[in-house]
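Remarks on the structure that follows.
No lab work stands behind these numbers, since they all come straight from the coordinates. Values in this document were obtained by computation on a predicted structure and should not be read as measured data. Please note: Cβ atoms are built from the backbone with ideal geometry, for glycine as well, and neighbour counts cover all protein chains shown.
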Amino acid sequence: MTLSPRLAAVAGLVRQGSRFCDVGTDHGCLPVWLVSQGICSGGIAADLRAGPLSRAAETVKRAGLSEKITLCLSDGLDQIPSGSAEDIIMAGMGGMTMLRIIERTAWLCDRSIRLILQPQSCQPELRRYLADAGFAVETERAVREGRHCYDLFSLSYTGRRQTLTPVEAVVGRLPQNRDEDSVCYVKMQLRRVKRQYDGLFRSGRDAAETKELLLALEHCLEEMT
């Protein structure tokens with residue numbers, strides 16, 4: 001089994017020997033890969049819907065890993081008991097969905113647990129929430145897949161609340177990496193903020209704060225390249 005570049009990058013953040021829970025597992029490819037490659041001895045593949053979970057069960061069965069990967073029908077982590085996994089993976093879902101799952105799962109506030117997140121949207125809102133809730137980023141990277149560029153990061157709970165700058169909320173730690181994929185992601189966010197600024201300017205609304213962010217991102221990109 002070969003993972004896509006996005007899922008391979010997510011898998012690269014999973015700790016050797018940990019038990020995982022893949023939330024929103026869809027076809028179950030990531031859990032099967034983690035176990036078959038010997039990264040994890042076992043884990044949980046969870047999904048909100050019966051259809052995707054059934055497809056994941058077929059993938060697990062074909063790989064001969066039914067005794068090592070548990071299938072669980074769960075809305076986020078609602079049906080996942082505390083202590084059943086150390087590395088919690090959420091990849092390919094919206095940032096606000098991730099935020100709501102984390103917000104209602106008290107047992108994630110444990111220093112031994114790692115969150116591995118690859119949000120598809122609302123990254124600034126998610127990053128601000130996590131920083132304010134006492135989670136600290138350990139590793140952050142970007143990866144290109146086709147025409148898209150994705151951001152992913154791992155975090156653990158420290159209990160120390162942080163306030164992010166506007167740039168940190170938008171691009172996280174990626175400016176420190178200076179690799180091509182991180183540059184690609186920052187450029188993508190710069191274009192998004194520029195569209196937002198142009199829309200505010202044309203409508204006559206206050207665009208001062210957005211312009212300040214735009215200039216900061218432009219400076220950030222210059223420093224990276």
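Key figures for this structure:
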{"item": "Difference of contour (0.36 nm per residue) and Cα-Cα distance, M1 to R147", "result": "50.3 nm"}
{"item": "Degrees between helix 208-224 axis and first principal axis of the chain (Cα, 0 to 90, nearest 10)", "result": "70 degrees"}
{"item": "Virtual spin-label span in nm between L164 and D206, 7 Å along Cα→Cβ", "result": "2.3 nm"}
{"item": "Rg and Dmax of the stretch 130-225, Cα atoms only, in Å", "result": "14.6, 43"}
{"item": "Label-point separation, T139 to D110 (7 Å along Cα→Cβ), nm", "result": "2.1 nm"}
{"item": "Charge dipole (the chain, unit charges on Cβ, about Cα centre) - positive-most of T139, A207, T158", "result": "A207"}
{"item": "Beta bridges per DSSP with both ends in the chain, % antiparallel, nearest 5", "result": "40 percent"}
{"item": "The stretch 7-58 shape via C-alpha gyration tensor axes, a/c threshold 1.5", "result": "prolate"}
{"item": "Rounded to 10°, Cα long-axis angle of helix 50-62 versus longest principal axis of the chain", "result": "60 degrees"}
{"item": "Cα gyration tensor shape for the stretch 1-91, rounded if a/c is under 1.5, else prolate or oblate", "result": "rounded"}
{"item": "FRET efficiency, C122 to R49 (Cβ-Cβ, R0 25 Å, nearest 0.05)", "result": "0.70"}
{"item": "Positive minus negative residues near R6 (Lys, Arg vs Asp, Glu; Cβ under 12 Å)", "result": "-1"}
{"item": "Counted charge near Q118, where neighbours are those whose Cβ lies closer than 9 Å (Asp, Glu -1; Lys, Arg +1)", "result": "0"}
{"item": "Kirkwood Rh in Å, taken over all unlike Cα pairs in the chain", "result": "18.4 Å"}
{"item": "FRET efficiency for S82 and R195, using Cβ-Cβ distance with R0 set to 35 Å, rounded to 0.05", "result": "0.25"}
{"item": "0 to 90° range, to nearest 10: angle between helix 123-133 axis and the chain longest Cα axis", "result": "70 degrees"}
{"item": "Net length gained if the chain between K61 and A8 were fully extended (0.36 nm per residue, minus Cα distance)", "result": "17.0 nm"}
